[in-house]
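Taking it in order: structure first as structure tokens, then the write-up.
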Amino acid sequence: MDNGQEHTNGIKAPSCDLDPASATVIAEICQRFDNDKHRMLDILRAVQDRYRWIAPATMNKIAEATDLTRIEVEGVASFYSFLSLTPKGRVTIRLCDDIVDRYSDLKGVTAAFEEVLGIKVGETSADGAFSLEVTPCIGMCDQAPAAMINDIVLTGLTPETARSAAEALQSGTAPETLVSDRFNHLSPHERALRQVDNNIRHAGECLLGPVPEDAGLVKALSMTPVQIVNQVEASGLRGCGGAGFTTGRKWRFAASETAEKHFIICNADEGEPGTFKDRVLLTERPHLLIEGMTIAARAVGAKEGILYLRGEYVYLRELIEQVLEDRRSRGLLGSDIMGKKGFTFDIRLQLGAGAYICGEEGALISSCEGLSGEPKTRPPFPVNRGYLGYPTVVNNVETFCHAARILDKGAAWFHDMGTDGSHGTKLFSVSGDCLNPGIYELPYGHTMWELLEIVGGEDATAVQVGGPSGAMIARDSFHRKLTFDDLATGGAIIVFNGERNILEIVEYYMSFFVHESCGYCTPCRVGNVFLQKAIQKFQKGLANPEDIDYLKDLSGTIIETSRCGLGMTSPNPILSTLQNFPLVYSAVVKPSQDGIRATFDIQSAIESARKIAKRRSYIFDRDFSQ
Amino acid sequence: MSDNRRESSFVFTIDGVEVKAFSGQTIMEAADEAGVYIPRLCDHEGLRHQGSCRVCTVKAGGRSVAACTQPASPGQSVDNETASLTKMRRDLVEMLFHEGNHLCPICEASGNCELQAMAYRLDMTEATRFPYLEPCRALDASHPDIALDTNRCISCGRCIRASQDVDGKGVFGYVGRGIHRRVAVNGENLADTDAEAADHAMSSEVCPVGCIIRKRVGFVTPIGEREFDKGLIGHEIEEKRK
């Protein structure tokens with residue numbers, strides 16, 4: 001990214017009419033989603049898959065079919081990273097550009113793809129065969145570096161395996177065939193496991209140990225909705241996505257709203273860099289998840305649910321579709337579930353399209369409604385007026401899974417695990433510089449030291465807890481406990497050893513927030529760009545001692561005035577490292593000698609003038625003789 | 001409605017001043033009626049509240065909230081013009097200046113510009129600390145009566161809401177994400193849309209800056225006699241209380 005600003009010349013592709021064949025295809029795609037504007041993301045994804053871009057003429061056609069204006073369609077199409085307003089290759093390779101990938105030779109992998117395909121990152125080959133891109137964390141930090149090749153995932157890449165994959169693609173091999181010659185004969189579950197390892201390192205009592213099928217749902221159906229809510233509330237279960245709101249209370253608020261409809265939405269948009277726990281639950285416990293959503297539906301009186309799957313996990317789409325279909329055929333979804341008269345509930349799968357912000361509750365709802373992933377104004381809260389204005393419960397994958405287990409084993413069983421205020425077990429996604437990256441299901445309350453011993457990361461000098469929106473801690477904080485009240489985390493634990501450059505990590509995380517800010521509010525849209533630029537100054541050794549105060553001051557404004565959780569936490573990589581690694585900053589600052597800003601470089605400032613004049617500057621060019 | 005409103009009225013305070021509000025009113029709506037000015041840029045009378053510029057950030061019950069979207073609540077104590085809030089608001093206004101290309105001396109809106117006026121109100125008189133992003137956005141002069149210079153756009157979206165909700169048209173909309181998010185038109189350029197000079201969205205009161213420009217009427221009001229030459233932004237609201 002340059003300075004984060006567009007340099008368009010304002011010229012758009014010509015608005016030519018669609019050829020009749022394409023017009024028919026677009027009309028069919030819109031028709032498949034009932035010409036419903038609320039299904040805009042599905043429509044645009046389908047068009048993108050079919051044509052590899054959303055052309056201006058296509059947007060006109062979609063607008064006509066869904067009774068929107070063209071600018072409304074363009075607003076959505078231009079928001080999501082996986083939708084494109086310029087033509088992309090038939091095969092789009094998205095290299096995961098997370099800091100963990102960068103520390104696992106992403107550079108070598110990128111070079112291999114670039115060399116074989118003859119294009120650089122950001123380019124599309126002249127024959128329209130390939131596009132090469134980078135994308136933020138795709139949830140594979142335990143097996144980095146990773147890449148998406150259209151809808152499939154390659155993990156644990158090396159320059160050598162990347163080269164052979166690129167060569168195979170170059171010679172016409174279908175992306176699926178890279179996974180297996182027998183891809184079409186494999187079950188969805190086998191396909192997922194051939195692409196991505198689960199890396200379950202420690203199974204706990206709640207989720208990854210043995211789980212009897214639908215035992216919680218059976219018990220829930222013998223209870224009243226109020227009893228279900230009471231039980232979930234008594235268990236002490238709190239949201240596992242990061243914010244930690246009490247689940248029972250959320251359900252109670254939604255249930256107490258009188259409305260024509262209620263909705264249950266599962267947030268499977270885990271985008272926090274370093275988080276990949278939901279990926280494992282979706283692969284290994286999809287029935288438990290749907291069971292939990294069904295119990296929630298019973299508790300709040302919802303008939304419809306949505307499972308919002310992040311676009312990066314598209315490789316799990318057919319697995320989830322199959323589970324939903326299987327449950328419908330067994331009477332576990334649909335009408336009169338398990339023979340319970342009048343209990344109707346079904347779920348649709350909604351795929352995202354590359355936008356971290358959609359993990360935010362309101363933005364997720366906006367996205368489900370076919371809009372750009374912009375957070376909603378609160379109040380009203382989703383439990384009062386959420387999806388399409390109806391009371392809506394939005395919970396994380398892990399939260400629903402826990403709820404199903406609580407209904408089976410009882411509130412006290414869950415409440416007894418963990419610590420005061422942080423009950424039950426938690427899935428930790430551990431990656432980075434440790435011997436055994438992967439998923440650990442542990443009760444709340446372990447210290448960081450204990451966790452590092454378990455994962456083989458005792459050499460750590462820094463640990464990022466809760467991803468970039470969490471905190472970076474140093475060894476003097478490793479005695480602290482993993483609980484909501486001490487080291488809170490949605491699950492991401494990223495371990496860094498003494499070789500790693502803290503400023504480089506911080507700069508990466510700021511670039512992530514700049515990329516992922518929705519842009520709705522001023523402080524998050526603009527302020528994060530300034531923070532990233534300021535960190536770059538430190539990296540280049542051009543910062544003054546006063547710049548440390550500038551970082552704190554600007555961070556304060558962004559946190560205080562931002563509209564949603566993204567901006568309220570995006571300065572955390574800077575603030576937590578300023579607090580826990582102060583020497584990293586103070587060691588590189590230099591007082592300015594004469595009050596001149598060190599960032600001002602006269603040579604680069606006059607470069608464009610020099611080009612226009614086609615001669616050197618008499619005053620500023622060092623070599624006066626020419 | 002009026003009887004109903006009266007029944008559910010209550011009192012809260014802004015900087016110690018008692019303000020009367022009705023159930024469902026936002027902090028800003030109640031403040032405006034009571035003659036207490038809360039700075040704002042994206043909010044405009046007669047348009048839906050958006051809460052995006054964040055200049056109206058106030059402290060209510062210890063929490064920072066946008067006064068334009070936050071409902072007033074009984075007995076609440078709201079901070080508005082404190083040193084720390086004014087400083088944060090000034091930061092936000094500076095961000096908007098640095099995000100676009102705002103060259104007041106050559107801008108036709110100078111003196112009528114709410115961004116400029118807000119900078120004066122918030123005492124933005126020292127050299128700013130932020131880097132300039134210096135975007136390069138093409139001028140759209142395709143329309144016979146209106147020109148768009150989006151280098152001066154502050155993404156307040158007032159034109160979007162005015163066109164949709166007042167004009168019933170939808171000439172404008174947001175495109176892009178993050179720092180690339182910006183206001184665009186419903187077509188190849190403005191001439192390609194159904195925009196008309198008489199639209200509310202095109203009126204000088206809707207665009208707070210010099211982005212939407214009426215052709216052939218530039219500089220009819222001399223500098224010195226313009227809107228904010230008469231008083232600080234917000235003075236009409238504050239005069240209600242005097």
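Please say if region A:322-443 is rounded, prolate or oblate, where rounded means a/c under 1.5 for a ≥ b ≥ c the square roots of the C-alpha gyration tensor eigenvalues, and otherwise the choice is prolate for a/b larger than b/c and oblate otherwise? Oblate shape, in that a/c is at least 1.5 and b/c is the bigger or equal ratio. A straight line joining the Cα centroids of region A:452-485 and region B:105-182 runs 44 Å. Extension gain, residue B:204 to residue B:45: 0.36 nm times the residue separation minus the Cα-Cα distance gives 55.9 nm.
Normalised radius of gyration (Cα atoms, divided by 2.2 N^0.38 Å) for chain B: 1.05. Calculated mean residue ellipticity at 222 nm for chain A: -12000 deg cm²/dmol, from DSSP H runs with n ≥ 4 weighted as -39500 (n - 2.57), summed, divided by the residue count and rounded to 500. Charged neighbours of residue A:284, selected by a Cβ distance under 12 Å, balance to 0 (K, R count +1; D, E count -1). Between the helical axis of A:225-235 and the longest alpha-carbon principal axis of chain A there is an angle of about 60 degrees. A simple rule links phi to the HN-Hα coupling: the Karplus curve 6.51 cos²θ - 1.76 cosθ + 1.60 with θ = phi - 60°, which for region A:133-148 gives 9, 10, 9, x, 2, 9, x, 10, 4, 7, 9, 6, x, 10, 8, 9 Hz, with x for Gly and Pro. Since only B:185, B:197, B:208 are under comparison, the one whose Cα sits farthest along the positive direction of the charge dipole of region B:139-242, derived from C-beta charges on Lys, Arg, Asp and Glu, is B:208. Across region B:190-204, coupling constants 3J(HN,Hα) worked out from phi with the 6.51/-1.76/1.60 Karplus curve, θ = phi - 60°, read 5, 5, 7, 9, 9, 5, 10, 4, 7, 4, 4, 4, 8, 6, 5 Hz, and Gly and Pro carry x. A full extension of the chain between residue B:127 and residue B:241 corresponds to an added length of 37.6 nm, given 0.36 nm per residue minus the alpha carbon distance. In region A:354-394 the Cα-Cα distances spread across 5 Å bins starting at 0 as 7, 29, 37, 20, 5, 1 percent of all pairs.
Taking chymotrypsin sites (Phe, Trp or Tyr not before Pro) across region B:91-140, the ones in a DSSP loop with at most 16 further Cβ atoms lying within 10 angstrom of their Cβ are B:132. First check a/c for region B:2-79, with a ≥ b ≥ c the square roots of the eigenvalues of its C-alpha gyration tensor; if it is under 1.5, answer rounded, and if not, answer prolate when a/b is larger than b/c or oblate otherwise. Oblate.
According to the Kirkwood relation over distinct C-alpha pairs, the hydrodynamic radius of region B:89-229 is 15.7 Å. Pairs of Cα atoms in region A:202-415 fall into 10 Å distance bins, from 0 up to the last occupied one, in shares of 9, 38, 40, 13, 0 percent.
For residue A:347, the amide hydrogen comes within under 5 Å of the amide hydrogens of A:305, counting only partners 5 or more places away or on other chains and with H modelled in the peptide plane. For chain B, the Cβ-based charge dipole about the Cα centre amounts to some 580 debye (Lys, Arg positive; Asp, Glu negative; other atoms uncharged).
Partner shielding of A:76-89 amounts to 2, given as the average count of beta-carbon atoms from other chains within 10 Å of each residue beta-carbon.
In plain terms, if you count all Cα to Cα distances in region A:516-626 and split them into 10 Å steps from zero, the share in each step is 13, 33, 25, 18, 10, 1 percent. Angle of helix A:528-539 to the longest C-alpha principal axis of chain A, folded into 0 to 90 degrees and rounded to 10: 50°. The distance linking region A:553-616 with region A:157-200 is 42 Å (Cα centroid to Cα centroid, whole angstrom). In loop segments of region A:283-339 as defined by DSSP, there are no GluC sites (Glu not before Pro) with at most 10 further C-beta atoms inside 10 Å of their C-beta. Charges were assigned to the Cβ only: +1 to each Lys and Arg, -1 to each Asp and Glu. The resulting dipole of chain A about its Cα centre is roughly 960 debye. Legend: residue pairs A:261/B:20; A:61/A:88; A:376/B:20; A:61/B:169; B:59/B:87; A:277/A:341, Cα-Cα distance threshold 24 Å; pairs beyond threshold, A:261/B:20; A:376/B:20; A:277/A:341. Packing, taken as the mean count of other beta carbons within 10 Å per residue, orders the peptides A:477-489, A:398-410, A:51-63, B:213-225 from highest to lowest as A:398-410, A:51-63, A:477-489, B:213-225. Scattering from chain A was approximated by placing one identical point on each alpha carbon and applying the Debye formula without solvent; log10 I(q)/I(0) at 0.08, 0.10, 0.11 1/Å stands at -0.60, -0.95, -1.15. From the Cα gyration tensor of region A:284-380, with a ≥ b ≥ c the square roots of its eigenvalues, which class applies: rounded if a/c is under 1.5, or else prolate if a/b is larger than b/c, or else oblate? In terms of gyration-tensor shape, oblate. When A:616, A:298 are sorted by how many other C-beta atoms sit within 10 angstrom of their C-beta, beginning with the fewest, the order is A:616, A:298. For region A:24-144, a crude dipole built from +1 on the beta carbon of Lys and Arg and -1 on the beta carbon of Asp and Glu, taken about the Cα centre, is about 240 debye to the nearest 20. Once you treat every alpha carbon in region A:100-198 as an equal point and sum by Debye, what is log10 I(q)/I(0) at q = 0.15 Å⁻¹? At q = 0.15 Å⁻¹ the computed log10 ratios are -0.59. Computed over region A:20-77, the percent of Cα pairs more than 19 Å apart is 10.
Every read-out reported here was derived from the displayed coordinates using simple, explicitly stated rules and does not represent laboratory data. Since this is a predicted model, take the numbers as computed values, not measurements. Cβ atoms come from the backbone with ideal geometry, glycine included; neighbour counts cover every protein chain shown.
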